[in-house]
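Okay, structure first, notes after.
Readers should treat all values here as calculations from the given coordinates under stated rules, not as data from a laboratory. Just so you know, these numbers come straight off a predicted model, no measurement behind them. Cβ coordinates were reconstructed from backbone atoms using ideal geometry, including for glycine residues, and neighbour counts include every protein chain displayed.
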Amino acid sequence: MTFPDTAPPCLFDAGFFADPYATYARLRVEGAAHHLATPEGSLIWLVPRERDVRAALNHPQLSVNKAHSTHGFRGFSLPPALDANLLNVDHADHLRLRRLVSQAFTARRVEQMRSTIEASAHRLADALDGGGIHDLAAVYASPLPITVIGDLLAVPDTDRLAFSSWVGTMFAPEHPGQAGEAIKKIQEFLTGLVAERRRAPGDDLLSGLIAARDEGDKLNEDELVSLAFLILMAGSENAQHVITTGVYTLLQHPQQLAALQADRKLRPNAVEEILRYAHPNQMAIRRFPLEDLDIGGVRIPRGETVMLCLASANRDPDRYPDADRFDIRRADKAHLSLGHGLHYCLGAALARIEVEAALSALLDRFPRLRLAAAPHEVRWRHSWRSHALRELPVTVA
């Protein structure tokens, strides 16, 4: 199967930003891969079906290295000091970089952080006491992950929320040029942070990466700064939106919320269902075929940009019975939100603990938590990559 040589459609409009899942359902029915235009003008092949996405995530002929793009990839324009990270390198280089940071994110080591994460969540929940309406995204969901990952890299407290704000702007700029300004600030901040940590090293992860660069020459300078960027960006950006969309989803499903409040044992399972049903990250990192590649009967030429749609795969009824139903007792927890294969999320264990701690502290403290706006009044990011809330107004009592 091939597509005619016509201008591909752009499906990413205001309706899609508010609710992309109806579009994904149609794409799954219509074909295994779709040639589309993004709002920025890039041409992509979007893969929507779970079986194809799962197979492609670990396909040896699909590279994440932009050097294999035959048309020049038109995505984020990052400088080399931010771009030389795990998301952009294959196989041997990926494993080399991953080994340098993996010990900080093992399940055992992250589990040792649980009590500290839970204490941070309770402190943030305490600050909401007294009732009233709060933007949960700004005052709770955003500060928690940046506190956790900021502690891991010893980022000064005064810089953490600013960094998180720059990353949010990079993903969803409100006017032309804003993303470039945010990227410049991120690079300047991280370059300065590395220089400061060289002058005064500690026992944090960033100091360890600097030692690997300066003593063992396992990292070049761009890789060092890029790893710091990726850890901080992924550790703050993704987790905060999972927490926000997770709370929103629970408030939209009061019977599921009541069951969760009645039985604490359901909380780990609820986290997995939130990750499947409402993870904000819509797409895996773009990939480029090293040769002409067949996906579900669709021939994709070498070097084209392939986007594996995780959000669509997670709602595929061929894999998950009643896939559009939110069910915290769902037995099949093998979703793709955290990836699969070589590029499986390094911080998966940390993300799970953060989301569970955030939900637990909030629901224990405020059992009558309610949405303070009608669902149609809640604003979503204008992004085809990230289905994330701009804010989450809630009433606490």
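Over all other residues within a Cβ to Cβ distance under 15 Å of GLN178, the charged ones net out to +1, with Lys and Arg as +1 and Asp and Glu as -1.
Straight-line reach only, C-alpha to C-alpha below 27 angstrom: list the lysines that LYS185 could link to, leaving out same-chain residues fewer than 8 apart. Excluding near neighbours in sequence, the set is LYS66, LYS218.
Identify the residues of the stretch 140-159 with backbone N under 20 Å of a label point that sits 7 angstrom from the Cα of ARG109 along the Cα-to-Cβ direction, or state none. Those under the cut-off are 145-156.
Using the rule -39500 (n - 2.57) for each DSSP H run of four or more residues, divided by the residues of the chain, the 222 nm mean residue ellipticity is -15000 deg cm²/dmol. In straight Cα distance, which lysines are under 23 Å from LYS333, not counting same-chain residues fewer than 8 positions off? Here the lysines satisfying the reach criterion relative to LYS333 are LYS265.
May I ask you to list the aspartates and glutamates whose Cα is less than 18 Å away from that of LYS184, ignoring any residue fewer than eight positions away on the same chain? Of all the aspartates and glutamates, those that pass the test against LYS184 - Cα under 18 Å, at least 8 places apart if same chain - are ASP83, ASP159, GLU174, GLU221, ASP222, GLU223, GLU237.
Placing pseudo-labels 7 Å out from each Cα toward the beta carbon at CYS10 and LYS185 gives an inter-label distance of 2.6 nm.
Normalised by residue count, the chain yields a Cα convex hull volume of 136 Å³ per residue.
Subtracting the Cα-Cα distance of LEU95 and ALA397 from 0.36 nm times their residue separation leaves 103.9 nm of extension gain.
For ASP222 and ASP263, calculate 0.36 nm times their separation in residues minus their Cα-Cα distance, and state this gained length in nm to one decimal.
Stretched out fully, the ASP222 to ASP263 stretch lengthens by 10.0 nm.
Local charge for GLY150 was computed over the other residues whose Cβ lies under 11 Å away, with Lys and Arg +1 and Asp and Glu -1, and equals -3. Determine the distance separating the Cα centre of the stretch 239-274 from the Cα centre of the stretch 319-397; give it in Å without decimals. Cα centroid of the stretch 239-274 versus Cα centroid of the stretch 319-397: 7 Å apart. Considering only ALA125, ALA92, ALA138, the mean-square fluctuation computed in a Gaussian network model of the chain, springs between alpha carbons under 10 angstrom, is largest for ALA92.
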